[in-house]
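Report on the following structure.
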Amino acid sequence: MTRFACFILLFACWTTNVSAYSVGFDQTILYASSDRPLKTSLWYPSQTTFPTERVADNPAFLGTNVVRIGTPQKGTFPLVVLSHGYRGNWRNQNWLATRLAEQGYIVASLDHPGTTSFDHSAQAAAQWWKRAGDVSRLLDWLLNESYLLPNIDAHNITAIGHSLGGWTVMLLAGAQFDRDQLKQECSLKASPRVCGLMPELGLDNTQIGEPKGSLKDERIRRVVSLDLGLARSLSRQSLQVLSTPTLILAAGVDIGDLPQAEESGFLAQYIPKNHRQYIVYPDAAHFSFMQLCKPGAIELIEEEEPGDGIVCKDGNERSRDELHQVMYRDIMHFLKTS
């Protein structure tokens, strides 16, 4: 490598580093509905650069460095809202939230009552439509009451969801739940990870207060589905007319009974090609979209909860960190071009 080429490489690395923002972090609880308080986490570009602390870090999972309640940067920034998977929580996509905030995005996540790690309420879990409502409530607060309101570009909002969160953001994009279709699909192939959750999620029978029609939130400009589940419960007709730009990211490694061809592939089959992008990572597994695992995490998790060590297993080609690099690149390209 020539001396000039070395200089160019060093300059590129330097400009990349200096362009990254410090990440402010805050948490609050939304009490607008007393029976469904929403624990909310926020990441945003911060003027304050210290002191930093580690969040979402524990003996099994790697956290990230943030500035607790940092002073928000001046200016307006695009907004991303995150929806976690079944019995997940705000920590699961902390890696993605932090990277987005470093590059000039405001990011908000919440814990969905009934289907989060911290709340297994059967009544809350069965109110399947309220997951989408949680995100809309979060947007109401962000765009009308939060201290970040002056910093949010209300015309550039993205919703990203993993697993059941992917299903949630598809509802927000305009896809509609079809109980009869799901029952028919499950009569043909009764996948335990999908069909087995129908009673718990209130999908088997009509629930008290269940709405009819679309749950689309017009404020959301685009959505990203990270290896969603329950895709076959979304009516084909609603997918065929879906116009919200959609990025479908899928894991090619099946964890047992969640083949991406029947989930993410179902979306790709029916959403018009001019409104969606579809990428399959052949060496990623369902939980590769979650935070990085520390050495020994599988054994540690298995000791506490046998079978749950699967959350730290990926394919055999690339590490989770390498997969995250590619996933982040694909997400950023979509955010900037759609």
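Derivation of every value follows stated rules applied to the coordinates shown; laboratory data play no part. Worth saying up front: this structure is predicted, and the values here are computed from it rather than measured. Every residue, glycine as well, gets a Cβ built from its backbone with ideal geometry; the counts of neighbours run over all protein chains shown.
Going by Cα centres, region 16-85 and region 260-338 are how many Å apart?
22
Classify region 21-337 from the C-alpha gyration tensor, please: rounded if a/c falls under 1.5, else prolate or oblate depending on whether a/b exceeds b/c.
Verdict is rounded for region 21-337.
How would Glu210, Glu145 line up from fewest to most surrounding beta-carbon atoms within 10 angstrom? Don't skip to the end; give the middle numbers.
Values: Glu210 15, Glu145 11.
With the fewest neighbours first, Glu210, Glu145 line up as Glu145, Glu210.
Could you put His162, His333 in order, starting from the residue whose Cβ has the fewest other Cβ atoms within 10 Å?
Going from least to most buried by this count: His333, His162.
Suppose we flag chymotrypsin sites (Phe, Trp or Tyr not before Pro) only when DSSP calls them loop and at most 13 other Cβ atoms lie within 10 Å. Which is the longest uninterrupted stretch of the chain?
Longest site-free region, per DSSP loop and neighbour criteria: 148-338.
Can you tell me how region 179-294 classifies by the Cα gyration tensor, rounded, prolate or oblate, using a/c under 1.5 as the rounded cut?
In terms of gyration-tensor shape, oblate.
Go ahead and estimate [θ] at 222 nm for the chain from helices alone: -39,500 (n - 2.57) per DSSP H run with n ≥ 4, summed, over the residue count, rounded to 500.
Only helices count here, giving -9500 deg cm²/dmol.
For Thr40, what residues show an amide H to amide H distance below 5 Å, using hydrogens built from the backbone and excluding near sequence neighbours?
Excluding prolines and chain starts, which carry no amide H, the hits are Thr28, Ile29, Leu30.
Hey, got a sec? Which GluC sites (Glu not before Pro) in region 185-273 land in a DSSP loop and have at most 13 other Cβ atoms within 10 Å?
Filter output for region 185-273: Glu218.
Which ordering of His275, His112 is given by a fewest-first count of other beta-carbon atoms within 10 Å?
By the 10 Å Cβ count, ascending: His275, His112.
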